[in-house]
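Peer 1: One structure coming up, written as structure tokens, with questions to follow.
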Amino acid sequence: MIKQFFRVTTIEQAMELKQHFQDDAVWMAGGSKLNATPTRTECSVAISLQGLPIDKVEWDNGTLRVGSLVTLQKLRDTVYIPQALYDALGFVYSRHVRNQATLGGEIAAHQPESVLIPLLLVLETELLFADGEILTLEEYLQSPGDRLLVEVIIHDLFRRCATRKFSRSAGGWSVVTAAVAITENEEVRIALDGVAEKPIRVRDVESLSLQGEALEKAISAAIHPHADLSGSKAFKRHIAGVLVADLLTDCLQQDEVTK
Ligand SMILES: Cc1cc2nc3c(=O)[nH]c(=O)nc-3n(C[C@H](O)[C@H](O)[C@H](O)COP(=O)(O)OP(=O)(O)OC[C@H]3O[C@@H](n4cnc5c(N)ncnc54)[C@H](O)[C@@H]3O)c2cc1C
């Protein structure tokens with residue numbers, strides 16, 4: 001239960017407090033996860049990030065830089081974001097939650113369902129932390145730690161990309177969420193959520209230059225999902241393969257449109 005609540009106005013203050021309270025303190029952004037049952041925090045100290053100047057969406061020579069405090073809805077309302085990012089933000093189905101939840105919180109929450117992460121992975125998103133370190137999102141997911149995320153950086157936002165969430169109902173939990181992108185060099189990027197402990201890039205298949213049924217089969221063979229209430233292993237393997245093959249077709253069709 002939170003007993004002390006600090007509102008900081010500089011990153012230095014935030015870091016000092018964390019240094020002092022260590023694991024007793026938790027960063028609080030929108031609070032949508034930390035205040036909700038059953039994900040409520042056990043920490044006794046909250047360091048609110050709401051007063052920090054990291055709530056802007058900025059373009060920097062074609063690179064999109066999103067402050068970690070930017071809410072999902074604010075990013076979704078930003079003009080000129082690509083359709084796939086708009087779609088992915090909409091996978092968090094409730095506008096109320098999107099108005100509260102921040103991009104930093106969505107990335108740092110490490111939830112079983114991470115519907116936005118596959119798209120951010122295929123866009124090869126980078127993360128800037130308060131100590132100045134920059135990691136790719138993929139590196140961060142391997143060992144997230146408790147660092148303060150300051151900025152989300154996407155260099156090539158307008159590469160051809162598409163994403164889809166497969167769920168049993170519109171507002172239901174995602175069974176599998178997939179994203180595919182094609183880089184300027186015609187390299188394919190594939191990411192999935194719901195088929196492993198964490199969202200993953202499927203690198204082994206990316207390099208095979210497959211399409212259609214061959215791609216479906218390769219994806220199904222490359223992943224090792226767990227069976228649960230949302231579906232059996234075979235079902236998830238099948239859905240993931242179909243989603244990825246469809247999304248690659250979507251990306252290739254985007255190419256046709258722009259030629
Ligand atoms: C009713 C409801 C419905 C939801 N539906 C969905 C859904 O459909 N899809 C979905 O993906 N999520 C959903 N969520 C979960 C929630 O939206 C996400 O976990 C959310 O994005 C968290 O963002 P936040 O800013 O509120 O984070 P908070 O609750 O403030 O924090 C979440 C975690 O991230 C850490 N954190 C936050 N910001 C930073 C930062 N800058 N640096 C380092 N660590 C940080 C916190 O310490 C905490 O561990 C739902 C939540 C609720 C309450």
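The values are calculated or read from the model by the stated rules, or taken from the named source; none is laboratory data. For clarity, every value in this text was computed on a predicted model and none was experimentally measured. Cβ sites come from the backbone with ideal geometry, for glycine too, and all protein chains shown count toward neighbours.
Peer 1: Scan (1) surrounded by 16 or more Cβ atoms within 10 Å (Cβ to Cβ); (2) more than 18 Å from Val70 (Cβ to Cβ); (3) touching a residue at least 40 places away in the same chain (Cβ under 8 Å) for the single condition Ala14 breaks and write down its number.
Peer 2: The failed condition is (2).
Peer 1: Checking the condition within 13 Å of the ligand (Cβ to nearest atom), out of contact with any Cys (no Cβ under 6 Å at 6 or more places or on another chain), in a helix (DSSP H, G or I) and among the hydrophobic types (A, V, I, L, M, F, W, C), which residue from Leu128, Leu119 passes? Talk me through it step by step, then tell me what you get.
Peer 2: Details: Leu128 fails: in a helix (DSSP H, G or I).
Unique residue meeting the criteria: Leu119.
Peer 1: Could I ask something else about it? Every residue in segment 66-95 that is at negative phi and more than 15 Å from the chain's Cα centre (by Cα), please. Step through it out loud before you land on a result.
Peer 2: Going through segment 66-95, the residues at negative phi turn out to be 66-79, 81-95.
Within segment 66-95, Lys74, Asp77, Thr78, Val79, Ile81, Pro82, Gln83, Ser94, Arg95 qualify.
Peer 1: Among (1) under 21 Å from the mean Cα position of the chain (by Cα); (2) surrounded by 15 or more Cβ atoms within 10 Å (Cβ to Cβ), there is one condition Arg203 misses while meeting the rest; what is its number?
Peer 2: Unmet for Arg203, out of (1) under 21 Å from the mean Cα position of the chain (by Cα); (2) surrounded by 15 or more Cβ atoms within 10 Å (Cβ to Cβ): (2).
Peer 1: For segment 1-87, which strands (runs of 3 or more DSSP E) that fit wholly inside it have 3 or more residues that are within 12 Å of the ligand (Cβ to nearest atom)? Outline the logic, then answer.
Peer 2: Values: elements: 4-7, 25-28, 45-48, 57-60, 63-67.
Fully inside segment 1-87 and qualifying: 25-28, 45-48.
Peer 1: Turning to a different aspect of this structure: If a residue has to be modelled with pLDDT of 95 or more and over 23 Å from Gln73 (Cβ atoms) to count, how many in segment 27-55 make the cut?
Peer 2: Matching residues across segment 27-55 total 2.
Peer 1: Follow-up. Can you tell me which residue in segment 96-113 is nearest to Thr163 (Cα to Cα), limited to those that are within 6 Å of the ligand (Cβ to nearest atom) and touching a strand residue (DSSP E or B) at 6+ places or on another chain (Cβ under 8 Å)? Don't jump to the end; show me each part of the working.
Peer 2: Going through segment 96-113, the residues within 6 Å of the ligand (Cβ to nearest atom) turn out to be 97, 100-102, 104-106, 108-109, 111, 113.
Okay, now just the ones that are also touching a strand residue (DSSP E or B) at 6+ places or on another chain (Cβ under 8 Å), so 100-102, 104, 108, 113.
Values: Gln100: 23, Ala101: 20, Thr102: 20, Gly104: 20, Ala108: 20, Glu113: 15 Å.
Here the residue is Glu113.
Listed here are the residues, each with its yes/no results for (1) surrounded by fewer than 20 Cβ atoms within 10 Å (Cβ to Cβ); (2) under 30 Å from Ile11 (Cβ atoms).
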residue	(1), (2)
Val152	no, yes
Phe166	yes, no
Thr177	no, no
Val188	no, no
Gly194	no, no
Leu210	yes, no
His224	yes, no
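Peer 1: Just the residues that are farther than 12 Å from Leu141 by Cα and aliphatic (A, V, I, L, M), please, taken from segment 98-119.
Peer 2: At the first step, the residues of segment 98-119 found to be farther than 12 Å from Leu141 by Cα are 98-106, 112-113, 115-116, 119.
Once the filter is applied, which keeps residues that are farther than 12 Å from Leu141 by Cα and aliphatic (A, V, I, L, M), segment 98-119 yields Ala101, Leu103, Val115, Leu116, Leu119.
Peer 1: Quick one: in segment 214-259, of everything that is under 18 Å from Trp173 (Cα atoms), part of a loop (DSSP other than H, G, I, E, B) and modelled with pLDDT of 95 or more, which residue is nearest to the chain's Cα centre (by Cα)?
Peer 2: Pro225
Peer 1: Same structure again: Show the residue pairs that are 6+ apart or on different chains and have beta-carbon atoms under 9 Å apart, the first residue being within segment 56-72 and in the same structural domain as Arg98 (by TED's automatic domain parsing), the second being acidic (Asp, Glu) and surrounded by 23 or more Cβ atoms within 10 Å (Cβ to Cβ).
Peer 2: Pairs found: Leu72/Glu106.
Peer 1: Right, something else. Looking only at residues that are more than 10 Å from the ligand (Cβ to nearest atom) and small (Gly, Ala, Ser) in segment 131-159, which one is farthest from the chain's Cα centre (by Cα)?
Peer 2: Gly132
Peer 1: Consider segment 22-53. How many of its residues are of a type in the set (Asp, Glu) and surrounded by 13 or more Cβ atoms within 10 Å (Cβ to Cβ)?
Peer 2: Going residue by residue through segment 22-53, those that are of a type in the set (Asp, Glu) are 23-24, 42.
Applying the additional criterion that residues be surrounded by 13 or more Cβ atoms within 10 Å (Cβ to Cβ) yields 24.
Qualifying residue count, segment 22-53: 1.
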